[in-house]
Amino acid sequence: MKELTRLMLALGILLGIAGVFILYLSWPLLTGTTVILKTQPVDPFDIFRGQYMTINYEISNVELPEEIKEGDNVYVLLKEGDDKIWHAERVSPNKPDNGVFIKGTARQSWRGLTVEYGIEQYFFERNAELPLRDLDVKAKIGSSGQARIVGLLQYGKPINITYRDVTLTS
Amino acid sequence: MLNKKGASFGTIIAVFGSILIALGIGWLIAQNWHQIPAALKIIILLSSTSGAYVAGSMLRIRGYANIGKSLLVLGALLYTWSIFLIAQIFFTESSLQGTTNLMLIAWLGVLAASYALNSSASLVVALVEFVIWLSLQFFAFYDDNYYRDPSFGLLTIIYLAVGVLLYGMSLLHRARQHKFGSVYQWWTGFYLLLFAYILSFQIVLPHLWSGRVGFSAPLILVIVVTALALIVMQSGLIFAKRSGNLNKRELIGVSLFTIFLMLVIISTIYSIGKEGYCNSRNYNEGADCNRFNDYRESCLNEKNCYWSPEDYNGIFGGNKNPPISLWLVWIFSNLVFLGIILVIIGYGTWQKQPRIINLGIFFFALDILSRYIGFIMDFWGYTSLAITFIIGGVILIIGGFYTEKWRRKLVAQARSETGEIGEVKKEEVSQQNAVGPKDQVIKAQRQQIQQLQKQVQTLKSLIQQQKTKKK
């Protein structure tokens, strides 16, 4: 095989994988329903991927049916409240036939059995300054229950993240 | 170092340069990350990856194979970096399983690109990423279960199976005369040596089975990886036999040492002793686990307790003497390690492969150094430590001198038999003569030019004579 053919093949594979990956990640953002979820954040640092905020949702601590064990899939049916926040209405191990629902996994922690939805991290760069209280998350949920974060809100408005003294040497 | 099959010094330096560029680009982008729109971020990442691959391939076409190689490594690293940063753009989960999935995607891409481009350097990146992915996946399974601690014994079995898998891949590729055959062969040797080296530390052994082993996802991973390794090895054997490339001595050596290493891993279950601490997992409830101190089995059966084995002779202040059984396993594991080193050196000499000999000698020196430090830490106080350091240092310098002499002799022997100019002989010649080999070449070339000039002169005069005769 010629070198150029090899190169085209390699780039085709790499860009193909990256393209499918990007499409998979952006699918709920393109097709999903927008919801606003209530949070309780903390603030760690990930050595692999930089600074991020771990978000603990109100719906992370829902009461789970007895048959659900650690590692099981959980479907939480959501309903919008008068405060414009989406709250858990019903929790089930089975996928609901209709309505807006979010898919999660039951996890054991020191707080007991909680639910993780794969949207527990919000990444930003180092030296970021942002409010940490009374935060809500604007997310989009696809038809399969997969969710992606759109942004952070405070009192219904997008938060303003500022970066202090960021230089190439900082 | 002169080595036609191995990486040249320039290549190694260029690869280091690639790693630095990858890190530099990563940090530079990270510093200005928030100012760049998401779509542009993705374009920058993918175009820089593609750019490195295109430049690497073009340089290979134009005969700059070594620099091309390092740019392909840079491309592989940038691609891996891109996958992680794209995931960050979309706020995907940063749990251990999330990170593991990203590493899997990166590894698959780099591996496929290595085969598409027939690039050994890129394959090495893929092999490293495979081991990282497998390790992350192992720990990610434990991350899913709050009441289970990692069983390092299972992880060592996985790592051993990877060694068998690498050997199987080496057989498969060598059967087809594929150039990756020698890459997999060298990495099998390196991998098994590194594995045996880690097991040669006494402090490691008691920790192998500190977690509970039940039928769970990590155990399934062990079964899957082992089965895959055996299938690949079996296929490699069949193809190598058909093509007439099966080396029976090599096969016996790899099989024997794999069994010996497996014996070391399994025997630690029975030899680690019962001394250790049973701690509570849940601080709030304060489960009464301490009553199971020095009762490993009972501790592991308690859901809310976890086991910390005694660190015998450890750097963290272990104060108890290890049981005789642990000593025996430790001695056995060291004999196995030494055996692998000697067999690899012997194999390299027999197959006339200087790279394999160098690998064995490197680990031999590492073993001496590690055991020397280990012994003085375990058996001597500060005054004796100083004296032992001095005496040991003298022994090491003399030993190092003779080891290097031995290595050079073996390498020269291997090279002279393959018809290559011995590196050592060249070094000796250059030391003995005041004029270096480069000057000698120039001198010889000048003489050749002078001779050619004389021949041209005689030819010219002959032509002149013929012309005058015709006239």
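The values are calculated or read from the model by the stated rules, or taken from the named source; none is laboratory data. Remember, it's a predicted structure, so these values are computed and weren't measured experimentally. With ideal geometry, Cβ positions are generated from the backbone for all residues, glycine too; neighbour counts draw on all protein chains shown. Remember, those area values only see protein heavy atoms, side chains included, never the ligands or the DNA or RNA. Shrake-Rupley method; radii C 1.70, N 1.55, O 1.52, S 1.80 Å.
Quick rundown of the values:
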quantity	calculated
Whether chain A is rounded, prolate or oblate, judged on the alpha carbon gyration tensor where a/c under 1.5 counts as rounded	oblate
Pairwise FRET efficiency - B:Ile395 versus B:Ile19, Cβ, R0 = 45 Å, nearest 0.05	0.80
Where A meets B: accessible area buried, both sides, 1.4 Å probe, Å²	3900 Å²
Cα shape, region B:1-143, gyration tensor, a/c 1.5 rule	oblate
1.4 Å probe accessible area per residue over region A:33-163, in Å²	53 Å²
Efficiency of FRET between A:Gln154 and B:Leu263 - r from beta-carbon atoms, R0 60 angstrom, step 0.05	0.45
For region A:90-136, residues shielded by at least 30 square angstrom of accessible area compared with the chain on its own, probe 1.4 Å	A:Arg107, A:Gln108, A:Trp110, A:Gly118, A:Gln121, A:Phe123, A:Glu125
Chain lengthening between B:Glu297 and B:Ser47 when straightened (0.36 nm per residue, less Cα-Cα)	84.4 nm
Trypsin sites (Lys or Arg not before Pro) within region B:161-249: DSSP coil, no more than 15 neighbouring Cβ in 10 Å	B:Arg176, B:Lys179
Stretch gain in nm, segment A:Leu4-A:Leu132, where the contour uses 0.36 nm per residue and the Cα spacing is subtracted	40.9 nm
In nm, spacing of pseudo-spin labels at B:Lys443 and B:Val224 (7 Å Cα→C-beta vector)	6.6 nm
FRET efficiency estimate (nearest 0.05) - Cβ-Cβ, B:Ile252 to B:Tyr402, R0 25 angstrom	0.25
Residues in region A:1-41 that, when all protein chains are in place, have 50 Å² or more less accessible area than the chain alone would give (probe 1.4 Å)	A:Glu3, A:Arg6, A:Leu7, A:Leu11, A:Leu14, A:Ile17, A:Phe21, A:Ile22, A:Leu25
Theoretical gain in end-to-end length, B:Gln35 to B:Lys467 [0.36 nm per residue, Cα-Cα removed]	147.3 nm
Cα-based helix-to-principal-axis angle, A:3-31 vs chain A, degrees rounded to 10	20 degrees
Rough spin-label spacing in nm, given labels placed 7 Å along Cα→Cβ, for A:Tyr24 and B:Asn321	5.7 nm
Loop-resident sites, region A:79-119, for trypsin sites (Lys or Arg not before Pro), counting at most 12 other Cβ within 10 Å (DSSP)	A:Lys84, A:Arg111
With at most 11 neighbouring Cβ atoms within 10 Å, loop chymotrypsin sites (Phe, Trp or Tyr not before Pro) (DSSP) excluded, longest segment of chain A	A:1-109
In region A:112-156, the trypsin sites (Lys or Arg not before Pro) that fall in loop regions by DSSP, at most 11 other Cβ within 10 Å	A:Arg133
Estimated [θ] at 222 nm from DSSP helical runs (n ≥ 4, -39500 (n - 2.57)) normalised by residues in chain A, nearest 500	-6000 deg cm²/dmol
Estimated distance in nm for a label pair at A:Glu63 and B:Arg281, the labels positioned 7 Å out from Cα along Cα-to-Cβ	2.6 nm
